[in-house]
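S.K.: The structure follows.
The values are calculated or read from the model by the stated rules, or taken from the named source; none is laboratory data. If you're wondering where the values come from, they're calculated on a predicted model, not measured in any experiment. Cβ coordinates were reconstructed from backbone atoms using ideal geometry, including for glycine residues, and neighbour counts include every protein chain displayed. The area values use the complete protein model at the heavy-atom level, side chains included, leaving out ligands, DNA and RNA. Shrake-Rupley method; radii C 1.70, N 1.55, O 1.52, S 1.80 Å.
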Amino acid sequence: MLIIGGGIGGLTAAIALRARGFAVCVIEKHPQWQVYGVGIIQQANVIRAMHELGLLDDYLHAGFSFNEVEVAGPDGRLLARVPSPRLVEGRPSIVGISRRALHDILVQRVTQAGATIRLGLTATTLEDDGSGVTVTFSDGTTDRYAIVVGADGLYSQTRTILFPDAPPPAFAGQGVWRYNLPRPADVTCLRSYSGPVTAGLVPISDPLMYMFLTTAAPGNPRYAADEIAAAMRGKLAGGPPFIAALAEQIVDNAGVVYRPLESIFVEGPWHKGNIVLLGDAVHACTPHLGQGAGMAIEDAIVLADELAAASTAQVAFGGYQRRRYPRCQFIVDASLAICNSQLGSGPHVDHGEMTARMFEVVAQPL
Ligand SMILES: Cc1cc2nc3c(=O)[nH]c(=O)nc-3n(C[C@H](O)[C@H](O)[C@H](O)COP(=O)(O)OP(=O)(O)OC[C@H]3O[C@@H](n4cnc5c(N)ncnc54)[C@H](O)[C@@H]3O)c2cc1C
């Protein structure tokens, strides 16, 4: 089986497929891993998924666990402490983790599990003759696989090959700024600030947290690499006092991660012949519910499950899509609804209520 893309979805798919006995090769287009250095929030369904993948202890050890979210108002005053449900008994409900630490855990397990990883390689053609797929690689070599999994992210080339008419990702109108900072002792869980400046602090290890800042981004501007720290500091002006006070620590241009928010949901089939898509390649959400990577990881487990149980790839892909489509569609739509509400371009959505609904949805069994 070939997996195109060594991101969170591709690597977890490799782990889940190896656990069910499939031979797996992962190709990644970058010659060296390129994982940016801030963190990610992962919730109870991801903790359940990590348990299922046999990674939970390493994962919790590498991250920062907590069981509630603090909600503060525009003046920085604490408004509520919202407990978050647990899905694995005796384990936490939310983890903040450095993306690099998560990546290291996944790569180590993929390798231990006996999958091959080939860096600096893409698939240039995929020829599916019904009984398998002949793949031509960017180094000119070819190989044949029973199944190809496209886990190549938001701008998936596999999606373009499979479904050239699928609409491309759409810019959602906001951008997110992130930066790692030393963790003050009293920041022990996700602390979110609402108001004109929407921001949050997420602990990712004992010494570190990251700040995220969501801003309207009319015209989808880009920022010069040597001025981006100043630009982020400028966006914090007028923010809640505790957050604004952290601005002076944002000095390293290379440490600022800015991303315009984009979204896609492929309606209709997520597979064709012996080729199937997962993760951001087929459903990418804005990060307002912190579930994009969670959906990719869940996809990986369900796809492996279905492939192990079904008699043909087509039956497995059908089962995979039936189990994943409604949940992923809800996450993409609900995240976008929060984004539009914050921009004033859609109906008002209560972020807290939508988060509670999201928990109900993702608590359902896979
Ligand atoms: C600002 C922001 C904040 C976010 N915060 C969170 C959060 O807190 N929690 C959460 O759960 N999610 C979050 N997400 C979403 C999360 O990052 C994505 O949903 C997740 O990374 C998707 O994983 P993936 O494997 O599908 O795609 P990716 O992570 O994009 O991985 C795709 C991989 O494929 C490789 N690739 C691409 N093209 C090719 C090719 N042609 N050949 C070979 N390899 C290729 C890429 O280099 C990459 O390694 C956030 C997203 C954004 C933008």
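S.K.: Could you figure out which of (1) crowded, with 23+ Cβ neighbours inside 10 Å; (2) hydrophobic (A, V, I, L, M, F, W, C); (3) in the same structural domain as Leu278 (by TED's automatic domain parsing); (4) within 11 Å of the ligand (Cβ to nearest atom) isn't true of Leu17?
M.R.: Going through the list (1) crowded, with 23+ Cβ neighbours inside 10 Å; (2) hydrophobic (A, V, I, L, M, F, W, C); (3) in the same structural domain as Leu278 (by TED's automatic domain parsing); (4) within 11 Å of the ligand (Cβ to nearest atom), Leu17 breaks only (4).
S.K.: Quick one: what pairs do we get from the stretch 82-94, first residue of a type in the set (Asp, Glu), second buried (at least 17 other Cβ atoms within 10 Å of the Cβ), C-beta under 8 Å, 6+ apart or different chains?
M.R.: none
S.K.: Restricting attention to the stretch 128-137, does a residue exist that is touching a Lys or Arg at 6+ places or on another chain (Cβ under 6 Å), open to solvent by less than 20 Å² (accessible area, probe 1.4 Å) and within 16 Å of the ligand (Cβ to nearest atom)? Let's see the steps before the verdict.
M.R.: So the first thing to find is which residues in the stretch 128-137 are touching a Lys or Arg at 6+ places or on another chain (Cβ under 6 Å), and the list is 132, 134.
Now narrow it down to the ones that are open to solvent by less than 20 Å² (accessible area, probe 1.4 Å): 132.
Those left that are additionally within 16 Å of the ligand (Cβ to nearest atom): none.
No; the residues of the stretch 128-137 include none that is touching a Lys or Arg at 6+ places or on another chain (Cβ under 6 Å), open to solvent by less than 20 Å² (accessible area, probe 1.4 Å) and within 16 Å of the ligand (Cβ to nearest atom).
S.K.: Turning to a different aspect of this structure: Based on this model, can you work out whether Asp280 counts as farther than 17 Å from Ile3 by Cβ and either more than 13 Å from the ligand (Cβ to nearest atom) or in contact with a strand residue (DSSP E or B) (Cβ under 9 Å, 6 or more places away or on another chain) (or both)?
M.R.: On the way: farther than 17 Å from Ile3 by Cβ: no; either more than 13 Å from the ligand (Cβ to nearest atom) or in contact with a strand residue (DSSP E or B) (Cβ under 9 Å, 6 or more places away or on another chain) (or both): yes.
So Asp280 does not fit the description; no.
S.K.: Being within 9 Å of the ligand (Cβ to nearest atom), farther than 14 Å from Leu126 by Cβ and open to solvent by 40 Å² or more (accessible area, probe 1.4 Å) is the filter here, so list the residues in the stretch 155-188 that pass it. First the steps, then the outcome.
M.R.: At the first step, the residues of the stretch 155-188 found to be within 9 Å of the ligand (Cβ to nearest atom) are 155-158, 175-178.
If we keep only those that are farther than 14 Å from Leu126 by Cβ as well, we get 155, 175-178.
Tyr155 - this is the single residue of the stretch 155-188 that is within 9 Å of the ligand (Cβ to nearest atom), farther than 14 Å from Leu126 by Cβ and open to solvent by 40 Å² or more (accessible area, probe 1.4 Å).
S.K.: Got a sec? Which of Val256, Val276, Val282 is crowded, with 21+ Cβ neighbours inside 10 Å, assigned by TED's automatic domain parsing to the domain that holds Thr215 and either under 20 Å from Ile40 (Cα atoms) or not basic (Lys, Arg) (or both)?
M.R.: Details: Val276 fails: assigned by TED's automatic domain parsing to the domain that holds Thr215; Val282 fails: assigned by TED's automatic domain parsing to the domain that holds Thr215.
The conditions single out Val256.
S.K.: Criterion first (farther than 16 Å from Ile3 by Cβ, open to solvent by 20 Å² or more (accessible area, probe 1.4 Å), within 16 Å of the ligand (Cβ to nearest atom) and small (Gly, Ala, Ser)) does Ser98 satisfy it? I'd like the intermediate steps shown before the answer.
M.R.: Working: farther than 16 Å from Ile3 by Cβ: yes; open to solvent by 20 Å² or more (accessible area, probe 1.4 Å): yes; within 16 Å of the ligand (Cβ to nearest atom): yes; small (Gly, Ala, Ser): yes.
Yes.
S.K.: If you don't mind, there's one more thing I want to ask. Quick one: how many residues across the stretch 189-209 are open to solvent by 10 Å² or more (accessible area, probe 1.4 Å) and part of a strand (DSSP E or B)?
M.R.: Filtering the stretch 189-209 for residues open to solvent by 10 Å² or more (accessible area, probe 1.4 Å) gives 190-192, 194-198, 205-208.
Going one step further and asking which of them are part of a strand (DSSP E or B), we end up with 190-192, 198, 208.
Residues meeting the conditions: 5.
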